[in-house]
Amino acid sequence: MPLYHDRGVVLRTHKLGEADRVVSLLTRERGKVRAVAKGVRKTKSRFGGRLEPTSHVALLLYEGRGELDIVSQAETIDHFRPLREDLDRLARAVSMLEAADQLALEHQPNRRLYEMLVGALRTLAAQDAPLVVPGFFLKALALEGFRPQVDACVACGTEGPLVSWAVEEGGLRCSAHRQGPAVSPDAVVVLQDMLGGRLGTALNETRGAVVSEVDHLVVRVLEHHLERRLRSVNALHRP
């Protein structure tokens with residue numbers, strides 16, 4: 001079986017047998033890869049703690065004959081310790097992992113999605129900004145070719161005022177063509193910052209009402225595109 005090197009983020013894991021674990025990774029060169037980490041659940045495992053969700057690792061893998069490759073080595077690139085020590089931030093990180101898992105295709109290279117996920121995790125680890133997650137979701141949608149239209153009405157093209165979100169049409173609508181949930185002027189500005197190259201500005205928004213509004217709108221759009229609910233997001237929003 002040929003060996004190959006890659007870098008990847010651990011998206012999720014599940015147990016296999018008594019000592020092994022199947023690890024799903026978003027890799028830089030090969031897209032989504034599923035691999036067996038043999039003996040990783042044993043107390044003397046060489047790299048058990050390096051293959052947990054959110055871990056960013058340098059890998060040496062054997063290319064498997066079936067669906068699963070085999071992890072030979074794993075070295076940590078980013079620990080993301082602030083995420084693991086903060087349950088709220090960890091929950092946000094896991095929601096990004098789930099979204100990336102749904103968007104990525106097995107063995108289909110998607111370096112940009114990998115880079116965006118690593119960048120979002122690093123940002124969240126450095127800055128406890130609640131809008132990192134919707135920012136990542138919007139950028140991922142744009143990467144997939146489903147960039148929401150937030151600068152002009154999707155019905156007539158007027159630049160505003162934009163007052164509602166037409167989820168199925170993929171963008172904002174003006175007052176003359178209002179459809180879908182209402183969107184406040186402050187939320188419109190944040191959405192435009194996120195998709196207009198001003199994500200840093202958007203992340204400075206801390207007003208609870210605006211953050212919650214943007215978060216729920218973006219999650220609804222992503223779930224519409226995926227045609228499924230995100231389990232981690234709904235757990236995060238559970239009262």
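The values are calculated or read from the model by the stated rules, or taken from the named source; none is laboratory data. The model shown is predicted, which means the values in this text are computed figures rather than measured ones. Note: ideal-geometry Cβ built from the backbone for every residue, glycine included; neighbour counts use all protein chains shown.
Could you please find all residues in the range 117-138 being crowded, with 20+ Cβ neighbours inside 10 Å and within 13 Å of the chain's Cα centre (by Cα)?
Answer for the range 117-138, where residues must be crowded, with 20+ Cβ neighbours inside 10 Å and within 13 Å of the chain's Cα centre (by Cα): Leu117, Ala120, Leu121, Leu124, Leu131, Val132, Val133, Pro134, Gly135, Phe136, Phe137, Leu138.
In the list Glu205, Glu213, which residue meets the criterion of being farther than 30 Å from Pro109 by Cβ, surrounded by 14 or more Cβ atoms within 10 Å (Cβ to Cβ), charged (D, E, K, R) and modelled with pLDDT of 95 or more?
Within the list Glu205, Glu213, the selection yields Glu213.
Mind listing just one residue for me: the one in the range 160-183 that is surrounded by 14 or more Cβ atoms within 10 Å (Cβ to Cβ) and polar (S, T, N, Q) and, of those, modelled with the lowest pLDDT?
The qualifying residue modelled with the lowest pLDDT is Gln179.
Kindly check whether there is at least one residue in the range 174-183 that is in a helix (DSSP H, G or I), more than 17 Å from Val221 (Cα to Cα) and either of a type in the set (D, E, K, R) or touching a Leu at 6+ places or on another chain (Cβ under 6 Å) (or both).
Scanning the range 174-183 turns up no residue that is in a helix (DSSP H, G or I), more than 17 Å from Val221 (Cα to Cα) and either of a type in the set (D, E, K, R) or touching a Leu at 6+ places or on another chain (Cβ under 6 Å) (or both).
Table: residues versus (1) farther than 25 Å from Ala100 by Cα; (2) touching a helix residue (DSSP H, G or I) at 6+ places or on another chain (Cβ under 9 Å).
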position	(1), (2)
Asp151	yes, yes
Ala155	yes, yes
Ser175	yes, no
Ser184	yes, yes
Leu195	no, yes
Asn204	no, no
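Assess whether Leu97 counts as being in a strand (DSSP E or B) and of a type outside the set (D, E, K, R).
Here the answer is no, as Leu97 does not meet what is asked.
Taking Val167, is it more than 23 Å from Arg111 (Cα to Cα) and in contact with a His (Cβ under 6 Å, 6 or more places away or on another chain)?
It is true that Val167 is more than 23 Å from Arg111 (Cα to Cα) and in contact with a His (Cβ under 6 Å, 6 or more places away or on another chain).
So, of the residues in the range 31-53 that are modelled with pLDDT of 95 or more and not small (Gly, Ala, Ser), which turns out to be farthest from Met116 (Cα to Cα)?
Ranking the candidates gives Arg34 first.
Determine, yes or no, whether Leu103 is at pLDDT 95 or above and either in the same structural domain as Leu141 (by TED's automatic domain parsing) or over 19 Å from Arg122 (Cβ atoms) (or both).
yes
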